[in-house]
Amino acid sequence: MRFLQGTNVTHWGHTLGLCHPDSPGIFVETRWLDDLESLITSGDEVPKQLAVLLGDLLAPGDAYPVDNKTLERMAELDRLYLGWVPGLWQRCGGLITGAQRLAASCRIHERPRHALPSLPASTAHRASVIASLDGEQILVLDDPDGLSLLLAQNKAVTVVETNGPRRRWLESQANRCNVRLTFVESLADAKQADIVVVSPSDPRLFEACALARPGGILVATVHPPWGKVWKAFATDIGLEVFASHREVEYVLLPGGRVFDAAGDLVLHQRVGTLTPTRPLEMPSTYWLDIDSPAHTGLQNPCEHLADALAGCAPWPEANRSLDRVGERDALWWSAAHASGLVAELWRERQRLLVTISPFSPELSFAAMAAVSLSLCDDSTRFRAHHGRWQMQNLSTE
Amino acid sequence: MPEVACHLVDGLILTIARETGRLFDVRNKKTYNLKGEVLESLEKLAAGNYSGPALKIPWLGETVATVGPLQADPVIVDSLAELDQTYMCSYFDGLPDRARQAYDAVLTAHAHRKRFWESVGQCPALPETVLRRALLLGEDPLDVVCVGDDDFLSVALAALGHHVTVFEIDELVVGILGKVAATAGLEIETFEVNLRTPLEERFVGRFDVFVTDPMSNRDCFELFLSRGFSMLRPGGKGFTAVHPAACRLFREIADERKFAIANWHRRHNRYYGPDMLLHEYESDWVEVHKTDATEPQPDASSYSLGMDLYTEMFQRRPMLGITTIEDIEDVRFAMPFYLEPLLDTAVENVELRVRTKSTQLGLDATSIYLSVARGHIVLHVDRKKRRILLETVPHDAEVTGVTQCMLLAAYKPTQIELTTHTDRSTFEIHVR
């Protein structure tokens, strides 16, 4: 029997992206989803056409609830990025192990909706911080990495999740871990909670904040470039920041890589009635700054990036323009509604700059994923750029 | 002011480049540019060694000198403690008392430092980072050598019980180390040396561990690491900072000089600037082991000929220019038919040769992309949000200026507010 081992699948909407740490990423049509799921769980027979596409990714073996190769990679990444935080492993060792196993048990991912998937140690750290707060009822808006399962060991957790692969995964893991999760399909069905966990890119933000009871706590994972606009929004609606854990939220990318520009875990208290305000203003522009990109010796590295982007992007490709002058390669990629990005690669300087104007959270994650799948190796780094808010001391801005 | 020893008043920090300087007032976040003779006097004052006539700097509007020896500046203590807190809140409560005392001693040392040399890249790590570096060495006392100690790591190491020796080029840092160590009852042996000169024989092969934070370029890595490895006993280990952009280069050097990379702690080191704010520079902390085959180059008895000690790989990226114009007044004319000639005219005005041009017209938005020899220009107009974005890479003041003027004249003739923000990597203009 052959299985799909060490490979993770991301459902990008119009494609399925397959990532293996030792192979370049490939994209296949979405009609193969059920077959891929079978290959992971039960090692079924493979349709010939799919077997050709998968090639060496198929290997003889047994079905495991947790993929060992993914588990090893998660442990390695956790050590690299958060292994040095004093006492973290002593304090949250069990949670970290649990989060790593959860990450290795989820083999088919959906494109992130609002919350971004975190490095297991980041998820465990967040769970540990939230578990230490006053309050028994927790509402989690969007849970791509199993935070609710870690919290449900000691708290009553409700997850807003419509029926779909992620909910099925959370349910199966809740059964495996013998914990109880309550699911609601929309915010309208949710009750007020002591603690509400949100992400700034979620359009249901104000309604979610209002679900924190007066005196309750709102926990936000704030990634760049949301810092500044989030602070303005939170202040306007009447939330008070009482703690910020700076740069502990690392985003996990397809292909087993990490986005170095970590987010902050910001804790707010709802002190009274929330003031309705205009929706959170989206940052206007964003850029990804990548050091030491790999495979720059290829004939046209930006074309590889464009191909990966076409697979991951939230919209079909409408325009692709490539240019090469001296050491510089350039790509303009855009969708039909004129949103897009520019990638500038300086081969000798070993820099890749991806600018996204106007900023779109979906395109931004797709760009990170596309770079991770096409132009990365272990020396490639996504440069962290501190938002202006992060550069300031919290109390002095 | 009488002619007795004075120091710079609390909250003022001096930075010195080759012939100019800057004075930062942390209390009100103001910066003053300096040049000429005043620099020399201010440098002495920052070191607590000034005893000349009263120092008057008319534009500052207040005296800059306080009578008495140099001491910990409470403004720096408060600023750094606050900055550290957002990182430390995840773990500080769980630390043993000895580690907390070590942190206090490091913070005190940093608060004595009122002068930075920009020309040699002085940019200290946060005291919080320094403590974590020291904790990584474990609890057994070790013989540790600091190859440069701009960050006062020696203070934390000594406070945690290690035997510490420091090689440092900056006499101010050496002086502060002496004073803080004496006050806290710590034993730190210091040598004011230039590492380019050969090592004295008595230091070769003497230490268990070296720690260093060089600039991330080949010459600086080779000099600092070679001195570190030369001073290690067989089987000894070292810790060095590596900027993420230099990962590949560092691995190449490890292969060439045959030392082992044992542990890599990504994004371990955070730094601050003379304005007492978080610096955009950051680095990894890498544990390296000396092997039987390790070949320090230059060797301990040689001078270093490296010329490029103080440039950073992380700076090698063109600046990004972003202009945002909000609430444009008449979106009917924000269509390709009008936008394309406007952009063409702007580009012609600054004699820029366009290599490729692409336009994407959406229902509510238009994007025009121009590839030029050195980079690109993107003009994006969102008619629904009534917003124009202009992106230029690399940032070119002339291109941005001309295009921005034409866009404002056409779409925002009654501009209300224009703000700019600039840092090392971006130049942003925001018009509302």
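The values are calculated or read from the model by the stated rules, or taken from the named source; none is laboratory data. The shown structure was predicted, so the numbers you read here are calculated from the model rather than taken from an experiment. Glycine also receives a Cβ, built like all others from the backbone with ideal geometry; neighbour counts cover every protein chain displayed. What goes into the accessible areas is simple: the full protein's heavy atoms, side chains included, and nothing from ligands, DNA or RNA. Shrake-Rupley method; radii C 1.70, N 1.55, O 1.52, S 1.80 Å.
Would you check which residues across segment B:82-116 are farther than 18 Å from A:W84 by Cα and facing chain A (nearest Cβ under 10 Å) and list them?
B:E82, B:L83
Considering only segment A:31-58, state which residues are loosely packed, with under 13 Cβ neighbours inside 10 Å and in contact with a strand residue (DSSP E or B) (Cβ under 8 Å, 6 or more places away or on another chain).
A:D56 - this is the single residue of segment A:31-58 that is loosely packed, with under 13 Cβ neighbours inside 10 Å and in contact with a strand residue (DSSP E or B) (Cβ under 8 Å, 6 or more places away or on another chain).
Would a scan of segment B:103-111 turn up a residue that is small (G, A, S), within 30 Å of A:S128 (Cβ to Cβ) and open to solvent by less than 50 Å² (accessible area, probe 1.4 Å)?
For segment B:103-111, residues small (G, A, S), within 30 Å of A:S128 (Cβ to Cβ) and open to solvent by less than 50 Å² (accessible area, probe 1.4 Å): present.
Looking at (1) more than 9 Å from chain A (Cβ to nearest Cβ); (2) open to solvent by less than 20 Å² (accessible area, probe 1.4 Å); (3) among the small types (G, A, S), find the lone condition where B:A409 falls short.
The single condition B:A409 does not satisfy is (2).
For residues that are of a type in the set (S, T, Y) and at negative phi, scanning just segment A:272-294, find the one that is farthest from the chain's Cα centre (by Cα).
A:T273
Are there any pairs, at least 6 apart or on different chains, whose C-beta atoms fall under 6 Å, with the first in segment A:285-296 and closer than 22 Å to A:S357 by Cα and the second surrounded by fewer than 21 Cβ atoms within 10 Å (Cβ to Cβ), and if so, which?
These pairs meet every condition: A:T285/A:F359; A:Y286/A:F359.
Name the single residue that is farthest from the chain's Cα centre (by Cα) among those in segment A:257-271 being more than 19 Å from A:G216 (Cβ to Cβ) and of a type outside the set (K, R).
Per the criteria, the residue is A:D264.
Is at least one residue of segment B:140-154 buried (at least 24 other Cβ atoms within 10 Å of the Cβ), in contact with a Cys (Cβ under 7 Å, 6 or more places away or on another chain) and over 24 Å from B:N217 (Cβ atoms)?
yes
Test of understanding: among A:G98, A:G135, A:G93, A:G146, which residue is within 14 Å of chain B (Cβ to nearest Cβ) and at pLDDT 90 or above?
So the residue among A:G98, A:G135, A:G93, A:G146 that is within 14 Å of chain B (Cβ to nearest Cβ) and at pLDDT 90 or above is A:G93.
Taking segment A:323-349 on its own, how many of its residues are part of a strand (DSSP E or B) and more than 7 Å from chain B (Cβ to nearest Cβ)?
10
Given B:T420, B:T414, B:T345, B:T359, which one is open to solvent by 40 Å² or more (accessible area, probe 1.4 Å), assigned to a strand (DSSP E or B) and away from chain A (no Cβ under 12 Å)?
Only one candidate qualifies: B:T420.
Scan segment A:42-56 and tell me whether some residue there is under 23 Å from the mean Cα position of the chain (by Cα) and among the β-branched types (V, I, T).
no
Out of the residues in segment B:246-281 that are open to solvent by 10 Å² or more (accessible area, probe 1.4 Å) and either among the β-branched types (V, I, T) or in a helix (DSSP H, G or I) (or both), which is nearest to B:T129 (Cα to Cα)?
Residue satisfying both the conditions and the ranking: B:I261.
I'd like the residue in segment A:290-319 that is open to solvent by 10 Å² or more (accessible area, probe 1.4 Å) and within 9 Å of another protein chain (Cβ to nearest Cβ) and, out of all such residues, is nearest to B:S425 (Cα to Cα).
Of everything passing the filter in segment A:290-319, A:N319 is nearest to B:S425 (Cα to Cα).
Quick one: in segment B:190-220, which of the residues that are under 25 Å from B:L172 (Cβ atoms) and part of a helix (DSSP H, G or I) is most open to solvent (accessible area, probe 1.4 Å)?
B:D219
Rundown of residues vs (1) under 30 Å from A:A75 (Cβ atoms); (2) polar (S, T, N, Q), yes/no style:
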| site | (1), (2) |
| --- | --- |
| A:L253 | yes, no |
| A:G256 | yes, no |
| A:T273 | no, yes |
| A:P283 | no, no |
| A:N300 | no, yes |
| A:D307 | no, no |
| A:A310 | no, no |
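Out of the residues in segment A:103-125 meeting the condition of being at pLDDT 95 or above and part of a helix (DSSP H, G or I), tell me which one is nearest to the other protein chains (Cβ to nearest Cβ).
Ranking the candidates gives A:H125 first.
From the list A:A338, A:A310, A:A366, pick out the single residue that is under 20 Å from A:H114 (Cα atoms) and either touching a Cys at 6+ places or on another chain (Cβ under 6 Å) or among the hydrophobic types (A, V, I, L, M, F, W, C) (or both).
It is A:A366.
With the structure loaded, tell me whether B:V331 is in contact with a strand residue (DSSP E or B) (Cβ under 9 Å, 6 or more places away or on another chain), β-branched (V, I, T), closer than 25 Å to B:Q415 by Cβ and surrounded by fewer than 22 Cβ atoms within 10 Å (Cβ to Cβ) or whether it fails that test. Please lay out each step first, then the result.
On the way: in contact with a strand residue (DSSP E or B) (Cβ under 9 Å, 6 or more places away or on another chain): yes; β-branched (V, I, T): yes; closer than 25 Å to B:Q415 by Cβ: yes; surrounded by fewer than 22 Cβ atoms within 10 Å (Cβ to Cβ): yes.
Criteria met by B:V331.
Looking only at helices (runs of 4 or more DSSP H) that lie completely in segment A:156-259, which have at least 1 residues being surrounded by 20 or more Cβ atoms within 10 Å (Cβ to Cβ) and acidic (D, E)?
none
If we scan segment B:220-238, do we find a residue that is under 22 Å from A:S292 (Cα atoms) and under 15 Å from the mean Cα position of the chain (by Cα)?
Looking through segment B:220-238, none of the residues is under 22 Å from A:S292 (Cα atoms) and under 15 Å from the mean Cα position of the chain (by Cα).
Report, by residue number, each residue of segment A:350-374 that is part of a helix (DSSP H, G or I) and of a type in the set (V, I, T).
The answer is A:V371, and nothing else.
Could you grab me the full set of residues in segment A:338-364 that are in contact (Cβ under 8 Å) with a residue 60 or more places away in the chain and more than 20 Å from the chain's Cα centre (by Cα)?
A:R351, A:L352, A:L353, A:S357, A:P358
With respect to the numbered conditions (1) over 26 Å from B:Y310 (Cα atoms); (2) open to solvent by less than 20 Å² (accessible area, probe 1.4 Å); (3) of a type in the set (K, R), which one is the sole condition not fulfilled by B:R133?
Failing condition for B:R133: (1).
What pairs can you find where one residue is in segment B:171-189 and farther than 15 Å from B:H110 by Cβ and open to solvent by 30 Å² or more (accessible area, probe 1.4 Å), the other is small (G, A, S) and not in a helix (DSSP H, G or I), and their Cβ atoms are less than 9 Å apart, with a gap of 6+ or different chains?
As it stands, the answer is B:E171/B:A47, since those pairs meet every condition given.
Of everything in segment B:13-38, what is touching a residue at least 60 places away in the same chain (Cβ under 8 Å) and either touching a helix residue (DSSP H, G or I) at 6+ places or on another chain (Cβ under 8 Å) or open to solvent by 90 Å² or more (accessible area, probe 1.4 Å) (or both)? Give them in sequence order.
B:I13, B:L14, B:T15, B:I16, B:A17, B:R18, B:V26, B:K29
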